[in-house]
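K.L.:
My questions all concern the structure below.
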Amino acid sequence: MRYVALAVIIGTLVVSLVVFVSTAAAGDAGNEAGAVPDTTEVETDRLTDSFMKLSEAQNQAYQATLRQKELESQLERRRQEAVDRFGQWGPELVEAAEAYGQDPAELYRVMYCESKGDPYADNGVNKGLFQFHPGTFAGTPYGSASIYDGRSQIFAAAWMWSQGRQGEWTCF
């Protein structure tokens, strides 16, 4: 949409410049001395400067769009690598591990041991991906979420591990 607006503005400026130069040239033909009035030259310079500024703005917008697309592409590659390595919970495992300075492979190993990746796993007492006891889960920064929220379980486990509480899992 930005490019369409810029194209309309640039087109308007170009048409204005052409009309202005044509009008000035027609005025010159009738001018006995053949001198171009100073106002024509000043206006032409002003329009040229405006055109150059718009052109630079359009180039900057294009470059920003290219950078944004490259960042999105990198994020998608990282997400896909995490899925390929750790399954559907891969992106969350990697994100939580990075946030809390943990190893995503260890998080994955314990999660798989506890629930096989089932966010609704329930052994009658412990629940979710990491088989949290409800009281333990409630005591984490993620405890206000549903105990069956897989993302919250992953982040809660990574947080607990960052607190030195890995030993609370039998699979660790």
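Every number here is computed from the coordinates shown, using simple stated rules; none is lab data. Because the structure is a prediction, the values reported are computed rather than measured. Every residue, glycine among them, receives a Cβ derived from its backbone with ideal geometry; neighbour counts consider all protein chains shown.
K.L.:
Quick one: net charge around LEU47, please, counting Lys, Arg +1 and Asp, Glu -1 for every other residue with C-beta under 14 Å from its C-beta.
P.N.:
On the way: positive: ARG46, LYS53; negative: GLU41, GLU43, ASP45, ASP49.
Charge balance in the 14 Å sphere: -2.
K.L.:
What distance in nm separates the two pseudo spin-label positions at ALA99 and GLN74, each 7 Å out from Cα along the beta-carbon direction?
P.N.:
Label at ALA99, label at GLN74, 2.1 nm between them.
K.L.:
Which parts of segment 100-129 would a label at SER162 reach, counting a residue when its backbone N lies under 15 Å from a point 7 Å out along Cα-to-Cβ?
P.N.:
Label zone hits: 100-104, 107.
K.L.:
Based on the inverse mean of 1/r over its pairs of different Cα atoms, what is the Kirkwood hydrodynamic radius of segment 60-164, in Å? If you can, show how the numbers build up before the last one.
P.N.:
On the way: mean 1/r = 0.0686 Å⁻¹.
Averaging 1/r across every pair of different Cα atoms and inverting gives 14.6 Å.
K.L.:
A follow-up question, please. Using alpha-carbon positions, what is the distance between the centroids of segment 76-125 and segment 153-172, in Å?
P.N.:
Segment 76-125 and segment 153-172 have Cα centres spaced 12 Å from each other.
K.L.:
Highest first, please rank the peptides 59-66, 126-133, 47-54 by the mean number of other Cβ atoms sitting within 10 Å of their residues. Please list the in-between numbers first.
P.N.:
On the way: 59-66: 11.1, 126-133: 23.1, 47-54: 13.1.
Descending mean neighbour count gives 126-133, 47-54, 59-66.
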